[in-house]
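Okay, structure first, notes after.
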Amino acid sequence: CAWRRCSSGSSACRRPMPRFALLLLARFAVIYGLAVWLCASVPVYAWIEAGATRVAAAALRGGAMQSRALVFEPRDDSYVYVYDLRVGAVSKRLERPYHKHAFVFVVFLALVLATPGLRSRERLVALLAGGALVFLLGVAMLMSDIERWEHEVLAAAGLALNRPFPVSLELVEGLHRTAAAGLLPVILWTFFAVWRIGPRGRTPPATSQP
């Protein structure tokens, strides 16, 4: 069996997992390199971040004594988030340089495309469903940034902290600060690929010859 320890000097024993890992790394290097070139040639990151900003803006809370607005605007040769906040007597317009949360999205798509052994349907589902989840993770990271910006403004004004979104983002904020949020999709996909694809590479036990 390919998964048993090889006997000394045996050339028949094969271990598919190292080959699988090397093939994955080689394909990922090529595909991700092409993706980086594409993102450097056209503003792919900015397009994805603009979409994430629209989703986050749609989730902002409002009310009689508070209003919030978020847009993604170009500034010189880059982009900024513009956050208009009004809570009670506090009115503030914040501009923050944009973060490439979409980097995680591009890495994940490149990793899915580079994974060997996937069937066409599996790869398509992973690209669509997995890509959508990773995109929403980027939206959640942006929302946690916005919540932190607002808390800083309200704390400086001596006002009670207020959530700009109807959901708690404490977990996302903790993961975001330690960069674990960006690593999470990559780690989960790697485990999935080893579990799903690894058994396909096993070599059947050798039958003894009469």
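The values are calculated or read from the model by the stated rules, or taken from the named source; none is laboratory data. Remember, predicted model here, so these are calculated numbers, not experimental data. Ideal geometry is used to build each Cβ from the backbone, glycine not excepted, and the neighbour counts take in all protein chains shown. Ligands, DNA and RNA are stripped out before the accessible areas are found, and what is left, the full protein with its side chains, is counted by its heavy atoms. Shrake-Rupley method; radii C 1.70, N 1.55, O 1.52, S 1.80 Å.
A few notes on this one:
- For region 75-176: accessible area per residue (Å², 1.4 Å): 51
- Sum of side-chain charges, Tyr98 neighbourhood, beta-carbon under 13 Å (Lys, Arg +1; Asp, Glu -1): -3
- Each Lys or Arg adds one and each Asp or Glu subtracts one; over the other residues with Cβ under 15 Å from the Cβ of Ser67, this totals +4.
- Residue-wise HN-Hα couplings along region 104-115, as the Karplus relation 6.51 cos²θ - 1.76 cosθ + 1.60 with θ = phi - 60° gives them from phi, are 5, 4, 5, 4, 5, 4, 5, 5, 5, 5, 7, 5 Hz; Gly and Pro carry x.
- Taking a Cβ cut-off of under 13 Å around Pro166, the surrounding Lys, Arg, Asp and Glu residues balance to a net charge of +2, with basic ones at +1 and acidic ones at -1.
- Placing a label point 7 Å from the Cα of Val71 along the Cα-to-Cβ direction, the residues of region 116-160 whose backbone N falls under 19 Å from that point are 146.
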